[in-house]
Protein chains: 2
Amino acid sequence: MRIGQLAQLVGVETQTIRFYEQQGLLPPPDRQDNGYRVYTEKHGERLAFIRRCRILGLSLAEIHELQSYQDDPHQPCTAVNALLDDHISHVRSQITALQALEKQLVSLRASCNDDREVEACGVLAGISEGNMHQQ
Amino acid sequence: MRIGQLAQLVGVETQTIRFYEQQGLLPPPDRQDNGYRVYTEKHGERLAFIRRCRILGLSLAEIHELQSYQDDPHQPCTAVNALLDDHISHVRSQITALQALEKQLVSLRASCNDDREVEACGVLAGISEGNMHQQ
DNA sequence: ATTGACCTTATAGTAGCTTTATAGTTTTAA
DNA sequence: TTAAAACTATAAAGCTACTATAAGGTCAAT
Ligand SMILES: [Zn+2]
Ligand SMILES: [Zn+2]
Ligand SMILES: [Zn+2]
Ligand SMILES: [Zn+2]
């Protein structure tokens, strides 16, 4: 299986596959005589794993860590679970921050309407005055 | 006022100030004979405005746009308000996406506990099987 | 023989800074 | 007075996770 077929199979671009190889996330495949990469099913599974991790918002470093756990299957799950717990709390704090942000933005938006001129813009005034509760 | 004082006043690093100047967000200040930048109060206000926009999650491009509106104070507020509305909807869709993500992650996490070995890890199995509802 | 589809590497661009390197200037302390 | 510290300057690289571009080699079909 060549790189284009693998890319189509998993739904990524060929450059992305080479990038993962370069980053050490995907093991370097064998090459044909002409230098073309030849992939196996294992590569496909590994690549699909990476993509699903990315969809879950895991960083490449976190994926790398997960892979290192997979390579040593008799250790306890503690580290894997801790990684996921950490990631969940990352996501939760992002949500909290964005919700606070939304609130600020909505109240800022409410301080103006389209009938005004920029000179008297409540939004710009609101930002300039800086009566923002930080964080 | 030199760059270090301005930085301390507004609470940013000096490099950040130079970066904003380079990006056209902060007007180039006068220079002393030795080449040191000299800032006025106006610069301070402008920089504070930028920082408050950043805290609100606005991109540098959006801030640039806002600044261009400020320079032409007799146009209607429509564009400013539209920019903010767009940004609010960006933030809202991010929140929605992250909430869906959190749900997935929590259910994935529930499929394992610390008593298992990596070999039988519910988390890793869950990712590998790929029964994920995308998006 | 040449088009087109595929493959290769290397390099640069994206956002918003931060870090590093290298060098010149001013202030402070011994 | 001089030597160290703190400050300033520019330029370039690093960060994340790719994406895009350039310039070229390979292969099948026309
Ligand atoms: Zn994470
Ligand atoms: Zn307005
Ligand atoms: Zn926005
Ligand atoms: Zn587990």
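Report whether or not B:Ala61 is open to solvent by 50 Å² or more (accessible area, probe 1.4 Å), among the small types (Gly, Ala, Ser), within 16 Å of ligand 3 (Cβ to nearest atom) and in the same structural domain as B:Tyr20 (by the TED database). Here the answer is yes, as B:Ala61 does meet what is asked.
The residues on offer are B:Gln75, B:Gln99, B:Gln67, and the sole one that is open to solvent by 20 Å² or more (accessible area, probe 1.4 Å) and within 30 Å of B:Tyr20 (Cβ to Cβ) is B:Gln75. Residues in the stretch B:40-54 that are surrounded by fewer than 17 Cβ atoms within 10 Å (Cβ to Cβ) and more than 19 Å from B:Arg2 (Cβ to Cβ): B:Arg54 alone. Of the helices (runs of 4 or more DSSP H) lying entirely inside the stretch A:1-113, those containing at least 1 residues that are at the interface with chain B (Cβ under 9 Å from one of its Cβ atoms) span A:41-55, A:60-70, A:78-109.
Okay, residues lined up against (1) over 25 Å from the mean Cα position of the chain (by Cα); (2) within 27 Å of B:His90 (Cβ to Cβ); (3) of a type outside the set (D, E, K, R); (4) assigned by the TED database to the domain that holds A:Gln22:
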residue	(1), (2), (3), (4)
A:Arg46	no, no, no, yes
A:Leu83	no, no, yes, no
A:Asp114	yes, yes, no, no
A:Val118	yes, yes, yes, no
A:Val123	yes, yes, yes, no
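When the stretch B:18-39 is filtered for residues that are among the acidic types (Asp, Glu) and open to solvent by 50 Å² or more (accessible area, probe 1.4 Å), the ones remaining, listed by number, are B:Asp30, B:Asp33. Taking (1) in contact (Cβ under 8 Å) with a residue 24 or more places away in the chain; (2) in the same structural domain as B:Gln23 (by the TED database); (3) open to solvent by less than 40 Å² (accessible area, probe 1.4 Å) in turn, B:Val91 satisfies each apart from (2).
Taking the conditions (1) over 15 Å from the mean Cα position of the chain (by Cα); (2) under 15 Å from B:Cys121 (Cβ atoms) in turn, A:Arg31 satisfies each one other than (2).
The values are calculated or read from the model by the stated rules, or taken from the named source; none is laboratory data. Every value quoted in this text rests on a predicted model; they were computed, and no experiment measured them. A quick note on method: Cβ atoms are made from the backbone with ideal geometry, for glycine too, and the neighbour counts reach across all protein chains shown. When the accessible area is computed, the model is the full protein with side chains, heavy atoms only, and any ligands, DNA or RNA have been set aside. Shrake-Rupley method; radii C 1.70, N 1.55, O 1.52, S 1.80 Å.
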